[in-house]
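Contents: one structure, followed by commentary.
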């Protein structure tokens, strides 16, 4: 799915004459300072230095790993210190405010996230949100995932779709929800709180079908319930692994 896009070099005043060995360090510092300006685009360009980009929209690509690691469980970012089991993947299935430090201060977590599997952030894609917001949050998911992958973390891309505009080509020339993820990889999805109503189930089923068709994943990690009425048609096409949500896990509920 790599369309050959390469990250463009950012112009950094005063950097041209710096010795080559400190270019990277100076660039990081200056970009951080620039993001403190009164007007900030909020997209953290330093996250995608060196990335390849996917599709017309230029979504950063999280690479397919050389080997697949299936975690023993998934622990929310905000609860990660409650259990130090290195076989647990850190996930972001919680309010976006709980992990706001991750995109704003990504360097703080590099060493920590290298120690166990990391699922890229579940940035909210509400079905009634403007398409621009759904595009931005898909970009943010992949940008953060790419950043930590490029710094040595084992990253599993989280796939989230919103309304049909994100998993069809009704408006966009590509299926937004699946950009930035390579085929035949390991992916994670979440059903927790997302399949409560009839409309929820219909939308989720349609998005799942589109994901399986587009990405053809080899392994699918599912955070939350995995009802047969939604998943049964796809169980023969990939290896699915279901995980209880954190509340059910700590209370020992099946």
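Laboratory data are not the source of any read-out in this text; all were calculated from the coordinates shown. From a predicted model like this one, the values you see are computed outputs, not experimental measurements. Positions of Cβ are backbone-derived with ideal geometry, glycine not excepted, and every protein chain shown enters the neighbour counts.
Tell me, what are the semi-axes, in whole angstrom and largest first, of the equivalent ellipsoid of the range 158-254 as set by the roots of 5 times the Cα gyration tensor eigenvalues? Numbers along the way, then the final one.
On the way: eigenvalues 104, 49, 29 Å².
Ellipsoid half-lengths, sorted descending, are 23, 16, 12 Å.
Alpha carbon centre of the range 197-217 versus the range 48-111: separation in Å?
That distance is 22 Å.
Mind giving me the nanometre distance, one decimal, between the label points for residue 133 and residue 56, set 7 Å out from Cα along Cα→Cβ?
About 2.3 nm, to one decimal.
Is the range 55-250 rounded, prolate or oblate when judged by the Cα gyration tensor, a ≥ b ≥ c being the square roots of its eigenvalues, rounded requiring a/c under 1.5 and prolate requiring a/b larger than b/c?
Details: a/c = 1.42, a/b = 1.20, b/c = 1.18.
Rounded is the answer for the range 55-250, as its axis ratio a/c remains below 1.5.
On a full-extension model of 0.36 nm per residue, what is the gain between residue 95 and residue 212, subtracting their alpha-carbon distance, rounded to one decimal in nm?
Working: separation 117, 0.36 × 117 = 42.12 nm, distance 2.65 nm.
This chain segment gains 39.5 nm when fully extended.
Starting from the Cα of residue 240, step 7 Å along the direction of its Cβ; do the same at residue 83; then give the gap between the two resulting points in nm.
For the pair residue 240/residue 83, the computed spacing is 2.2 nm.
Take the Cβ-Cβ distance between residue 126 and residue 169 as r, set R0 to 22 Å, and report the resulting FRET efficiency rounded to the nearest 0.05. Walk me through the numbers on the way to the answer.
Working: r = 21 Å, r/R0 = 0.94.
Efficiency, from the Cβ-Cβ distance: 0.60.
Once the Cα gyration tensor of the range 54-132 is found, what semi-axes does its equivalent ellipsoid get, as square roots of 5 times the eigenvalues, in whole Å, sorted largest first?
Working: eigenvalues 109, 61, 34 Å².
For the range 54-132, the semi-axes come out at 23, 18, 13 Å.
Calculate the spin-label point distance for residue 197 paired with residue 104, positioning each point 7 Å from the Cα along the beta-carbon direction, and give it in nanometres.
My value for the distance between the label points is 3.2 nm.
Which number comes out as Rg/Rh for the range 69-183 once both Rg and the Kirkwood Rh are worked out on C-alpha atoms? Walk me through the numbers on the way to the answer.
Values: Rg = 14.4 Å, Rh = 14.7 Å.
Computed over Cα atoms, the ratio is 0.98.
Taking other Cβ within 10 Å of each residue's Cβ, how do 86, 211 sort, fewest first? Before the final figure, lay out the partial values.
Working: 86 11, 211 22.
By the 10 Å Cβ count, ascending, the order reads 86, 211.
Per-residue counts of other Cβ atoms within 10 Å, averaged by peptide: what ranking do you get for 77-83, 196-202, 58-64, highest first? Working shown, then result.
Values: 77-83: 14.3, 196-202: 11.1, 58-64: 22.3.
The densest-packed peptide leads the list: 58-64, 77-83, 196-202.
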